[in-house]
Amino acid sequence: MQKAKYIFLLCLILTGCVSPQKQYRIGVSQCLDDAWRQKMNNEMQCELLLHPEMKLYTRFANGSNDLQCAQIDSFIQERVDLLIVSPNEAEEVKPAVTRAYHAGIPVIVADRRVTGDEWTAFIGGDNYQVGVLMADWIHSIQSTTSHRLHVLEVCGLPGSTPATLRHKGMIESLAGHDTIPLIRSVQGLWQKEDAYRAVCSYLSQYANVELIVAQNDLMAIGAAEAVRDTKGYGSGSVRIMGVDGISVGLQAIVGGIIECTATYSSRGDMVINTAAKILSGEPFVRDTVLQTTMVYSGAAQAILMQYNERMHDIETMKIVQIRTDTMMEDLRFHRHIIVIVVSFTILLFVLIIAFLFYSQHRLQTEIKEEVVPQLENVQEAIQLSRRDEAFTERLKQIVDAHLTDPNLNVEYLASLLQLSRTQIFRRVKSVSGKGPLDYIRERRLIRANELLHTTDMTVQQVALELCFSSPGYFTKCYKEYFGHLPSSVK
Ligand code: FRU
């Protein structure tokens with residue numbers, strides 16, 4: 001019983017050692033798959049190196065609200081442990097986000113917001129402040145000239161919160177100045193190609209645009225290409241500002257294609273950290289608004305270099321991760337082998353113990369059923385033989401004491417030994433192998449022989465002394481017993 005308890009404990013410890021750490025499945029729903037989001041995904045993957053308990057499943061909605069809602073619903077069905085959403089448009093994607101939230105799935109909204117507050121955490125840039133930086137840039141140029149500047153704003157998707165907030169921040173900030181430039185807006189839908197088409201079409205109608213503020217770097221580059229390709233405009237004739245500060249944007253600044261950009265952090269690392277805190281029940285910041293800053297050509301080169309170094313680091317880390325994954329895979333394989341070997345050893349151990357118990361039990365039963373009775377028989381036999389020895393001794397003493405008594409016969413001997421006639425026959429036979437009379441005769445012959453050897457008595461005297469019916473009969477008996485005549489002793 002005690003042994004079984006220890007085996008059970010050992011099994012518990014072993015299963016405890018090998019039981020894998022809980023794995024969290026994180027659904028990531030990205031509205032688009034452009035350079036800015038690839039940067040965010042990279043940052044998330046990198047941070048995951050510190051959180052091996054989480055695994056990301058990323059889906060891209062290609063700018064479609066319906067597709068994004070369907071993808072979120074499938075994440076709900078798959079019962080992911082947490083959802084990270086960057087919604088395409090705030091109002092349209094809200095129902096799916098709310099469904100996930102009500103299904104008990106923690107939801108982190110990243111970059112773009114959804115309407116309402118049925119989400120767990122938000123991490124994103126200060127879009128109103130981005131708009132203020134746009135206004136600052138416009139104003140810094142406006143203040144150097146007396147005429148009203150003609151500014152073209154290239155907006156992102158109208159239903160997305162960065163598009164509305166950046167616009168609002170810019171307009172409200174410009175309103176505070178004396179000379180308010182002429183602001184016109186076109187839709188670039190966050191994409192370079194859409195921006196290109198919209199700007200081409202605008203420039204072909206209005207020939208005197210001087211500044212373009214694009215709500216992201218990709219649209220700024222699209223706008224620059226539109227300027228270059230539109231008749232009457234030469235490359236660099238319109239000053240352009242972008243937003244994001246991603247690699248292509250910084251390169252465009254360094255290359256003189258656009259003038260500046262306002263940074264818009266993606267902070268995928270922070271998103272993963274918040275996810276880890278939510279999943280482990282640690283306190284977390286519910287609403288994180290990231291700061292923004294202007295980057296002109298001077299800083300762009302430095303940031304680009306840093307950015308490239310970081311990308312290189314990320315690539316190295318990815319390689320390290322692949323190697324670590326392979327090693328972990330090997331380790332898991334070895335662990336399985338160890339578990340199998342240990343389990344077999346335990347099984348063998350249990351079987352041996354069981355076998356030992358069984359053998360012990362069988363041996364005990366065998367001893368009880370066979371050896372003990374045999375032992376009892378032996379003991380009985382010993383007792384019997386002890387009793388026989390005592391009887392033989394007593395018989396010999398009594399017979400020897402009455403050798404010269406002519407009345408010594410079977411009845412007399414029986415009475416001396418306090419036995420019945422039948423008993424005396426059986427017992428004398430059993431201890432001497434002969435009947436009582438033969439036994440008495442044998443004892444008399446042995447005494448006769450002693451007398452013949454140790455005294456001067458004649459054969460006749462000895463025969464008489466020991467109650468033989470005649471010397472002739474004595475001589476016959478003596479010859480039979482000792483093999484020679486009694487007279488030969490003398
Ligand atoms: C990327 C992007 C960025 C922009 C952000 C706004 O998909 O368009 O360029 O700053 O989304 O949500």
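Values in this text are rule-based calculations from the coordinates and carry no lab data. The structure presented is a predicted model; accordingly, all values stated were derived computationally and were not measured. Positions of Cβ are backbone-derived with ideal geometry, glycine not excepted, and every protein chain shown enters the neighbour counts.
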Hey, which aspartates and glutamates would be in cross-link range of Lys476, C-alpha to C-alpha under 15 Å, not counting anything within fewer than 8 residues on its own chain? Asp438, Glu442
For Leu290, list long-range residues whose amide hydrogen, built 1.01 Å from N in the peptide plane, is under 5 Å from its own amide hydrogen. Gly124, Gly125, Asp126
How far is helix 90-102 tilted, in degrees, relative to the longest principal axis of the Cα atoms in the chain, given as a value from 0 to 90 rounded to the nearest 10? 20 degrees
For region 455-490 and region 122-184, write down the distance between their C-alpha centroids in whole Å. 160 Å
HN-Hα J in Hz across region 148-159 - Karplus 6.51, -1.76, 1.60, θ = phi - 60°, x for Gly and Pro: 6, 5, 9, 10, 10, 9, 9, 8, x, 3, x, x
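Write down the Kirkwood hydrodynamic radius of region 301-393, to one decimal in angstroms, obtained as one divided by the mean of 1/r over all alpha carbon pairs. Could you put the intermediate results ahead of the total?
Details: mean 1/r = 0.0474 Å⁻¹.
About 21.1 Å, per the Kirkwood formula over Cα pairs.
Which value does Rg/Rh take for region 402-490 over its C-alpha atoms, Rh per Kirkwood? Please report the intermediate quantities before stating the final value.
Values: Rg = 13.9 Å, Rh = 13.7 Å.
Reported Rg/Rh, Kirkwood definition of Rh: 1.02.
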Charge dipole (debye, nearest 20) of the chain; +1 at Cβ of Lys and Arg, -1 at Cβ of Asp and Glu: 2700 debye
Quick one: what are the phi-derived ³J(HN,Hα) couplings along region 428-435, Karplus 6.51/-1.76/1.60 with θ = phi - 60°, whole Hz, x for glycine and proline? 5, 4, 5, 8, 10, x, 9, x
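Highest first, please rank the peptides 111-121, 339-349, 129-139 by the mean number of other Cβ atoms sitting within 10 Å of their residues. Walk me through the numbers on the way to the answer.
On the way: 111-121: 19.7, 339-349: 11.9, 129-139: 22.7.
My ranking of the peptides, most packed first, is 129-139, 111-121, 339-349.
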Pairs over 22 Å Cα to Cα, from Lys55/Lys94; Lys94/Lys277; Lys55/Lys318; Lys94/Lys192, come to Lys55/Lys94; Lys94/Lys277; Lys94/Lys192
With unit charges on the beta carbon (Lys/Arg positive, Asp/Glu negative), name the residue among His361, Thr454, Gly125 whose Cα is farthest towards the positive pole of the charge dipole of the chain. Thr454
Shape metrics for region 127-263, restricted to C-alpha atoms - Rg then Dmax, Å: 13.3, 36
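Place a +1 charge on the Cβ of each Lys and Arg in region 360-458 and a -1 charge on the Cβ of each Asp and Glu, then give the dipole magnitude about the Cα centre in debye, rounded to the nearest 20.
Numbers: 15 positive and 15 negative charges, 49 e Å.
Roughly 240 debye, rounded to the nearest 20.
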Limiting things to C-alpha atoms, what are the Rg and the maximum Cα-Cα separation (Dmax) for the chain, in angstroms? 58.8, 183
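What percent do you get for the relative contact order of the chain when only Cα pairs under 8 Å and 6+ apart count?
Values: 717 pairs, mean separation 49.9, N = 490.
Relative contact order here is 10 percent.
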Of His167, His150, how do they rank once you tally other Cβ atoms within 10 Å and put the fewest first? His150, His167
Acute angle (nearest 10 degrees) that the helix 161-174 long axis makes with the longest principal axis of the chain, alpha-carbon atoms: 40 degrees
